[in-house]
Amino acid sequence: MIRFALALPFAAALALAGCKEKPAETPTDAPMQAGAQRMVAPVLLTPDAKDIHSYAVPAEARVTHVALNLTADFQQKILYGTATLHVAAAKGAKRIILDDKGLEIVSVRSRSGEPLRWQVGEGDDMLGRPLEVELAGADRIVIEYRSAPDAAALQWLTPEQTAGKRHPFLFSQGQSILNRTWIPTQDSPGIRQTWEARIVVPAPLKAVMSGEALTPEGEPAGEGKRAFRFRMDKPVAPYLIALAAGDIAFQSLGPRTGVWAEPVTLKAAANELHDTEKMVDAAERLYGPYRWGRYDMIVLPPSFPFGGMENPMLTFLTPTMLAGDRSLTSLIAHELAHSWSGNLVTNATWADFWLNEGITTYIESRIMEALYGPERAQMLKSLGWEDLQNAVRDAGGAAAPATQLHLDLKGQDPDEGMADIAYEKGAAFLRTIEAAVGRERFDAWLRSYFDRHAFQPITTRLFLEDLRANLIKGDTALEKKLQLDAWAYRPGIPSNAAAPVSPELEKMAAAAKAYGPETSPDALGFNNWGTQERVRFLNALPRDLGTEQLQRLDGTFKLSQTRNSEVLFAWLRLAIANRYDPAVPAIERFLTSMGRRKFVEPLFRDLLAQADWGRPIAERVYAKARPGYHAVTAGSVDALLKPAEEEAAKAEKAG
Ligand code: BES
Ligand code: ZN
C-alpha cells in the first residue's frame, strides 16, 4: 500500500528492510521448535533514524531473530550459554556488528559449527564495545558466552533482599541500552527482532519472560534444575527482552490478565491490580486491538529501579505501588498504554524517547478517565503539569535545549536525560492537538496512526509527517494554530499549551498556602483525602514551616509511618527542606527498603542541598543502602555524590 512508501522511503531498495511474512526455518541450536510464521520488520535507514547509541550498521547486516539458551548461575551471578542470531545481510556484506558490554565471548560459529572470525573493537564506558563477526556467507551465527557478574541490566538478589527471604531472585532491565550486558545482539530500538529462549534455573525457582510462556511449569533440566521456554513471534525492540526468576507464584485477574509475585506479596498484588482487565478493555476501545495476547504483570522485589517497565506481555512493577487502596494504579494504565505507544510503534532512537513516553502519558490519562471519570483524570493531568513546570525550571528554564521533545543526545547516556519533559511536554502536545481538532477526530487519527506504524520504528519527522498527511490535511489555519515544529524541535512550552486545572486539587493547594502556625491540622480533613490530594497538599506547603508545625502534621497524620510511597516521598521532601530531624529514621528506612530511582535520587539530591545538615545523613544512609540498589539507581546516586567528593578532595589538596 502507498502508506509504506510514505513511511519507509528506503524500504523498497533494501531486501533486509522489507516488511514481509517469512516462513521460519528450524534453528540448529534452537532450544525449541520455531513457530509457523515469523515477521521480519523493516528498519528505517534515514538520517533521523540513525541510532548513535548502538554500534550496529543495519544497512549492512541486521539481526532478525534471537534464540537464547541460557543457564542462571546464582553463585557466580552469571548467565551462560548460547545466543543464536538470524542475520539478514545486504548483498556483498561480509560482517555483522553487534553490541557487547562486558560479555565474555567463548566462541562464534556458523549453524553447522564452523568457527567464524570475530573481534571486539574499541568502545567506551557508556556504549560498551562493537562485536564484529565475519559472516563468511552464514545467515545464522551461534555465540557461546557468559554475562559479567556486574552486568548492568541484571540484578542478582540474595534471599535477604526478597520479600520471602528464602530464595534468591534475578531480574533484568533492558531500557535503554543495558541489554547488551546479557544478550549479544544489535541493541537498538529501531532493529526489531523476534526471539525465543530457554532459561535454566535452580529448582524451586521459576523463570518468566516478556513473551509467550511455552512451559509454564518448567521441565526437568538435570541436577535439580528446571528449564523454562518462551517465544515472542512479533518483532520487538531488543530493549524489551526481559527476564525474571525467583520464588514466584501466579494469580489470574481476568481472562487475559494476571499477576506474578513472591507468594507473600501475591494477595496484596492481586488486590491492588484488580482493575487491570478493565483497563485493557478500555484501551482497546480507544486505540484498537491489544495485539500481544496476554497482559500479565510481575511485582518485583523493592530494588526494582523503576515504577514500571512495559516489557511485552509482562509488565515489571515496583512493590512501592502497592498502597493497599488502588490509588497508584495509573502506573498500570501507563505501562499498559505502552502496548501501543512504545511496544507496537517504537522510538527509532532514544532522541525520540518522547514518542514512547509522551504518547503513553497521554493515553494513560485517557485510560484513567475511561475507568474512573474525568475528575480523577484531571487531577493526574494537573499533577503532571506541575511536574512539567518543575522540569523546565530544573533544566535551566524555557530556553534550555533539554526542554525539547526531540533531543540531541550526543555523548549522553539516554537514561540520564530530563525524563519529565518527554512525558509531560509530550502529553501536553497531544492534548493541545486534541483540543484543536476535537476528541473524535483526534482519537480516530491516533488509532489509525498505530495501525499505520504497527511493529515499526517511528521518528519525530515521521510522526509530524503522519499528522500532516492524515489529520491536518492541508488546513493551513490549523497548521498555524498547532505550532507543530515549536512543540517538537524547540525548547520551552509553546504558547498554545493549555494548563490542566483540577478545581479539586486547587483546594488542597489553597489549604497548604493558608497553612500557618495557627492552623489546626485536624481542621484540614487530610484523612479523608485520596493520595493525589495529599500529595498536592504536601507539595504546596511552604518549605519553611518550622519544627513545631511539622511535628503537628507528622503527629496528626502519621506521615512518617504511611505505607503510601507517594505520600511518604512528598512528606520526606518537605521534612528534608526543613532539616526536620525527627524524620531522619523514616528517611533512612525508606532509602534502605526500596531502590526506585524516582524516589531515591531526589531524596539524596534534597539531602545534599542541605549541605552541613544533609550531607552526613546522605553519606551514612548511602553506605548502607547502595549494596541493595540496582546499577541504574546506584549509578544515578553515585553521580550526585561524586562531584562533591572530588571537590572535597581538591579542596583538601589545596590545603
Ligand atoms: N519505560 C519507562 C521506564 C524507563 C524509562 C526505563 C527510561 C528506562 C529508561 C516506564 O514506562 C515508565 O515510564 N515508568 C515510570 C512510571 C510512569 C507512571 C511515569 C516510572 O518508572 O516511574
Ligand atoms: Zn513509560
Separation of alpha-carbon centers, region 301-324 and region 545-586, rounded to whole Å: 25 Å
Total formal charge among the other residues, if their Cβ is under 15 angstrom from that of Gln251, Lys/Arg +1 and Asp/Glu -1: -2
Cα centroid separation - region 330-386 against region 185-232, whole Å: 29 Å
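Which peptide among 517-530, 443-456 comes first, and what is the full order, when sorted by highest mean count of other Cβ atoms within 10 Å?
So the peptides 517-530, 443-456, ranked by packing, come out 443-456, 517-530.
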Burial order of peptide ranges 533-541, 222-230 (average beta-carbon count within 10 Å, highest first): 533-541, 222-230
Region 505-654 - percent relative contact order, Cα under 8 Å, separation 6 or more: 18 percent
Within-14-Å neighbourhood charge of Asp124 [Cβ basis; K, R +1; D, E -1]: -1
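What's the exposure ranking of Tyr362, Tyr489, going from fewest to most Cβ atoms within 10 Å?
On the way: Tyr362 25, Tyr489 13.
By the 10 Å Cβ count, ascending: Tyr489, Tyr362.
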Those lysines that a straight Cα-Cα span of less than 24 Å connects to Lys165, excepting residues fewer than 8 apart in one chain: Lys77, Lys206, Lys225, Lys267, Lys624
All lysines inside 19 Å of Lys481 as judged from Cα atoms, apart from same-chain residues fewer than 8 positions distant: Lys425, Lys473
For region 79-96 versus region 588-618, the gap between their alpha-carbon centres in whole angstrom: 44 Å
Anisotropy class of region 340-489 from Cα gyration tensor, a/c 1.5 cut: rounded
Amide H contacts under 5 Å for Arg129, placed H, 5+ residues apart: Asp100, Lys101, Gly102
Hits among lysines - C-alpha to C-alpha of Lys91 under 24 Å, sequence gap 8 or more where chains match: Lys20, Lys22, Lys50
Residues Phe604, Phe442, sorted so that the one with the fewest Cβ neighbours within 10 Å comes first: Phe442, Phe604
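Please label the shape of region 505-654 as rounded, prolate or oblate, based on the square roots a ≥ b ≥ c of the eigenvalues of the alpha-carbon gyration tensor (a/c under 1.5 means rounded; beyond that, a/b larger than b/c means prolate, else oblate).
Prolate.
Readers should treat all values here as calculations from the given coordinates under stated rules, not as data from a laboratory. All figures in this text were calculated on a predicted structure; none of them were measured in a lab. Every residue, glycine as well, gets a Cβ built from its backbone with ideal geometry; the counts of neighbours run over all protein chains shown.
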